[in-house]
Protein chains: 2
Amino acid sequence: MSEYRGYTGTSLTFLKKSNVKVGDSVKITEDLTYLGILMPRYEHTDDKHIVLKLKSGYNIGIEVNKIKKIELLASEKIETKSSPQIKINSSLPKVLLLSTGGTIASKIDYRTGAVTPALSAAELNSAVPELAEIANIDTEVIFSEYSENLEPNHWKKIAEKLDSYAKSDYKGIVIGHGTDTMHYTAAFLSFALAGYPIPIALVGSQRSSDRPSSDAALNLMSAVRFVVKSNNRGVFVVMHHNESDDLVVGHIGTRVRKNHTSKRSAFQTIGGNPAFLIFDKQIEKNLEKEFFKQKEYVPKLNFDSNVALVKYYPGSNPKIINFLLESGYKAIIFEGTGLGHVGKIMYEVIKKAKESGIFMGMTSQCIDGRVAMNVYESGRDLLELGIIPLSDMISETALVKAMWALGNSKSLVEMKNLMLKNIASEYSD
Amino acid sequence: MSEYRGYTGTSLTFLKKSNVKVGDSVKITEDLTYLGILMPRYEHTDDKHIVLKLKSGYNIGIEVNKIKKIELLASEKIETKSSPQIKINSSLPKVLLLSTGGTIASKIDYRTGAVTPALSAAELNSAVPELAEIANIDTEVIFSEYSENLEPNHWKKIAEKLDSYAKSDYKGIVIGHGTDTMHYTAAFLSFALAGYPIPIALVGSQRSSDRPSSDAALNLMSAVRFVVKSNNRGVFVVMHHNESDDLVVGHIGTRVRKNHTSKRSAFQTIGGNPAFLIFDKQIEKNLEKEFFKQKEYVPKLNFDSNVALVKYYPGSNPKIINFLLESGYKAIIFEGTGLGHVGKIMYEVIKKAKESGIFMGMTSQCIDGRVAMNVYESGRDLLELGIIPLSDMISETALVKAMWALGNSKSLVEMKNLMLKNIASEYSD
């Protein structure tokens, strides 16, 4: 972790010259005078500003060129030592908060003044004091990565960590996670930990803390409230429902998708309403069926990433399939058009892939709705070629499930049976 | 065209034995007696039924095993000769209806009793008599394909046909098209025919005519009404707006997506409202800016399909990019995560791709929202590696535009400039 994390150019030069580092308490004089802690920058569009967390808890950006004077009041280490101790309230349930990185972790840093993107219990309580009124929270850092950098082996690490807490006295577990691939991770955990005895909530933040519209604190409070109060086993994604601050929802981890690049309400349940509405004082349940289709907890934590997601489009090259076969791929999930089609141009190579013994499943790039391959001739042709229709399982979930099913099967028949079995509400019926 | 189109197994054997062919007028006796025309089957889930179009215009399915008697009343040719002649109303504008295949063409067949999925003017008028009150319609068949089988060369054929009518006296042109890839075709026409002097509407149908909920007739009427009344140049997709029969809308051809596998309201404008609401008596305009950003019509009909659409996901294999480079691809459109990211695992091969001189553009698999690659470190890394952010252009449109831009440029610089220029409202601002 750099002492000047995220600063470049003009602002970096200014900080070095002033002998001020991230985490230091400073007094800045420009037109007004500000007392606060110098924040690290995880989101940055320019090198002209530094970010200060004020005593009030708000962050502000200050233009370097307008600063008349900057004074070091206390260095970062002193601040860390002064972090408040956690008070345990024995009447409240215990919740475990795991951190994997992403904007939500950075955000907490911003508000606490810590210089690392990893959460600690003390940092957390001082950042979101409301949490201490909901649960006694233990925290643990699994790793610190933006979620676009996560790979299937990261999923497995998270699953192993959760598995180690399957017989704990926690009421539920919350996982802070980057939003880019949060739904892929949620799907893996849903399959790997089928039957897990306590609720798991993945939570993220779409807006970092140098914006007034940050959703991190409310999402986190709602996730903790959710695992404490819902009494529902399952893996859920807990995020803002709309652009106001009055409703956070819990989505089924296998039926959720990030459908907007920047909105706080980016996550949506596909083909239905969110499973839970999480209000300040109560939780409303929309989920009619059990999340897990099996009662006992039987962890299956392996994966095999030799699975490709292939989106079909006009001009698609059949040779891509040849390449996958030659590269040792064992399964292909197609994102077909409409009800689950690919053009005739792909038939020959699909036949070849089938003969080579790989699994081929069909989903739709329409995202919403159900694959139905017995309606048109194209679909029937593909069924005859051996492609397996995956009903309304969304393509990203089907990809993850195929990696998981391959990693936990001894044969293609067993893998195919797992793909068709509704394990964690990935099929909506 | 087979005389038994779509029939298999039990029903085919029955028809052959009875010497009855598709298009024949027959009298069928089971518990009740039916007079009607034997329909071809484009959608079929079993071989136990035959479909009859009754005099009333409705289709019914009759179970072969329950038929006591089938009598041939008139063979298909007689029926064709009896098609009503078109009456020309000189007070109405002229509209050209082109057909490329898909459910909408089959649908018209079902209702008229014709045995080919290609439209003719006579068949059309008898199927949807309301059309004759809106315009004098000429029809022409370009080809007859389900749209999942269309390739970029089909797009070009349609564009060439439209180009040949650029100086006609038509008020507008309607294109019947399968829905699976209608938005890809709409995007190509938008670029290839930029500045086209009269409105172009692509229209399709989500439900075939053996269902009471068919949307074919209303969509077609609305499309004709739209090109007659809107007075707006551009390429639009005209489809049902919801599940009721009271509103059809016109979407911008470069900002529309098929977002549901089966609903009549499957098509949606991404990131905004539909450009036009098409009511029975009037048309409401939401489109604030001109569709085409250039006034003069300058057709550019070429394409180069050496473009790949690459969706990034956890577990993505960088070797896919190597394969594309070795296969002569000239451009890659990434469907990144979130604001436009791919994992670090791809950086090395992206650098190599850049050095080999190919175009790489970034869109988001979130579908809605804008790529913003200067917010997080991941995005900034990718910008430095030479990936071009494509703002809020949707990935399918970006793919089609790259094929078009490559085919109509002499250099990578010219191609890149075309990619960044707003030509046909593909960028929403």
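Considering only chain B, pick the residue with its Cβ nearest the axis of the rotation onto chain A, and state the distance in whole Å.
Closest Cβ on chain B to the axis mapping it onto A, in Å: B:Phe323, 2.
So if R0 is 51 Å, what FRET efficiency would B:Lys354 and B:Ser91 give, r being the distance between their Cβ atoms, rounded to the nearest 0.05?
0.25
Taking 2.2 N^0.38 Å as the expected size of a compact globular protein, what ratio does the Cα radius of gyration of segment B:335-408 give against it, to two decimals?
1.06
Under 10 Å, Cα contacts only: if you run a Gaussian network model on chain A, which one of A:Ser25, A:Ser147, A:Ser327 comes out with the highest mean-square fluctuation?
The residue that fluctuates most here is A:Ser327.
Go from 0 up to the bin containing the longest alpha carbon distance in chain A, width 20 Å each, and give me the % of pairs per bin.
25, 48, 24, 3
With the crude spin-label approximation of a point 7 Å out along Cα→Cβ, what separation in nm comes out for A:Leu32 versus A:Tyr297?
Inter-label distance under the simple model: 5.0 nm.
I want to verify the translational diffusion coefficient of segment A:366-429 in µm²/s; compute it with Stokes-Einstein, Rh as the Kirkwood radius over Cα pairs, at 25 °C and 0.890 mPa s.
Rounded to a whole number, D works out at 195 µm²/s.
Give, in whole angstrom and from largest to smallest, the semi-axes √(5λ) of the equivalent ellipsoid of segment B:307-366, with λ running over the eigenvalues of the Cα gyration tensor.
Values for segment B:307-366, descending: 18, 12, 10 Å.
Work out how much length B:Asn417 to B:Glu384 would gain on full extension: take 0.36 nm times their residue separation and subtract the Cα-Cα distance, in nm to one decimal.
Fully extending the segment from B:Asn417 to B:Glu384 adds 10.0 nm.
About the Cα centre, and with charges only on the beta carbon of Lys, Arg (+1) and Asp, Glu (-1), how big is the dipole of the protein assembly as shown? Nearest 20 debye, please.
260 debye
Under a cut-off of 26 Å between alpha-carbon atoms, report the lysines in cross-link reach of B:Lys289, not counting same-chain residues fewer than 8 places apart.
A:Lys263, B:Lys167, B:Lys171, B:Lys229, B:Lys258, B:Lys281, B:Lys300, B:Lys401, B:Lys416, B:Lys421
Calculated from DSSP H runs of 4 or more alone, at -39500 (n - 2.57) each and per residue, what is the 222 nm mean residue ellipticity of chain B, nearest 500?
Result for chain B: -8000 deg cm²/dmol, rounded to the nearest 500.
Using a label point 7 Å beyond Cα on the Cα-Cβ vector, give me the inter-copy distances for B:Leu12 in nanometres, one decimal, shortest first.
So the label point of B:Leu12 gives 7.1 nm to the other copies.
Kirkwood hydrodynamic radius of segment B:274-389 from all distinct Cα pairs, in Å?
Mean inverse Cα-Cα distance, inverted, gives 16.5 Å.
Using the alpha carbons of the protein assembly as shown, what is the convex hull volume per residue in cubic angstrom, as a whole number?
177 Å³
What does the structure give for B:253-264 when I average, per residue, the other chain Cβ atoms found within 10 Å of the residue Cβ?
For peptide B:253-264, the averaged partner shielding equals 5.
What's the total accessible area buried between chains B and A, using a 1.4 Å probe, rounded to the nearest 100 Å²?
Chains B and A together bury roughly 5500 Å² of accessible area.
Compare the Cα positions of A:Asn417, A:Phe267, A:Ile37 along the charge dipole of the protein assembly as shown (+1 at Cβ of Lys, Arg; -1 at Cβ of Asp, Glu; about the Cα centre) and return the one farthest towards the positive end.
Toward the positive end, the furthest listed residue is A:Asn417.
Would you look at the GNM of chain A, springs on alpha carbons closer than 10 Å, and say which of A:Ala223, A:Ala74, A:Ala402 moves the most?
Of A:Ala223, A:Ala74, A:Ala402, the most mobile in the Gaussian network model is A:Ala74.
For chain B, what does the relative contact order come out to in percent, with C-alpha contacts under 8 Å and a separation of six or more?
The value is 11 percent.
Among residues other than A:Lys311 whose Cβ falls under 14 Å from its Cβ, what is the net charge (Lys/Arg +1, Asp/Glu -1)?
Every neighbour counted, the sum reads -3.
According to a simple spin-label model (label point 7 Å from Cα along Cα-to-Cβ), what is the distance in nm between A:Lys167 and B:Asn273?
So the label points at B:Asn273 and A:Lys167 sit 6.1 nm apart.
Can you give me the convex hull volume of the Cα atoms of segment B:151-256, divided per residue and expressed in Å³?
That works out to 98 Å³ per residue.
If you count, for every residue in A:174-181, the Cβ atoms of partner chains within 10 Å of its Cβ, what is the mean?
Mean shielding count: 4.
Set the Förster radius R0 to 25 Å, insert the Cβ-Cβ distance between A:Leu54 and A:Thr8 as r into 1/(1 + (r/R0)^6), and round the FRET efficiency to 0.05.
0.60
For A:Lys17, go through the lysines and keep the ones whose alpha-carbon is under 16 Å away, minus same-chain ones fewer than eight residues off.
A:Lys27, A:Lys48, A:Lys66, A:Lys68, A:Lys69
Across bins of 10 angstrom width beginning at 0, how are the C-alpha pair distances of segment B:228-287 distributed, in whole percent?
P(r) over segment B:228-287, rounded to whole percents: 25, 56, 19, 0.
List the residues, sorted by chain then number, that are 5 or more residues from A:Thr139 or on another chain and whose placed amide H is less than 5 Å from its amide H.
The list, which skips near neighbours in sequence, is A:Leu97, A:Ala121.
If the only charges are +1 at each Lys and Arg Cβ and -1 at each Asp and Glu Cβ, what is the size of the charge dipole of chain B around the Cα centre, to the nearest 20 debye?
Roughly 380 debye, rounded to the nearest 20.
Comparing B:Ala398, B:Ala201, B:Ala127, which has the greatest mean-square fluctuation in the GNM of chain B with Cα pairs linked when under 10 Å apart?
B:Ala127
The values are calculated or read from the model by the stated rules, or taken from the named source; none is laboratory data. Fair warning: this is a prediction, and the values are worked out from it, not measured in the lab. Cβ atoms come from the backbone with ideal geometry, glycine included; neighbour counts cover every protein chain shown. These area figures cover heavy atoms from the full protein model, side chains too; ligands, DNA and RNA do not enter into them. Shrake-Rupley method; radii C 1.70, N 1.55, O 1.52, S 1.80 Å.
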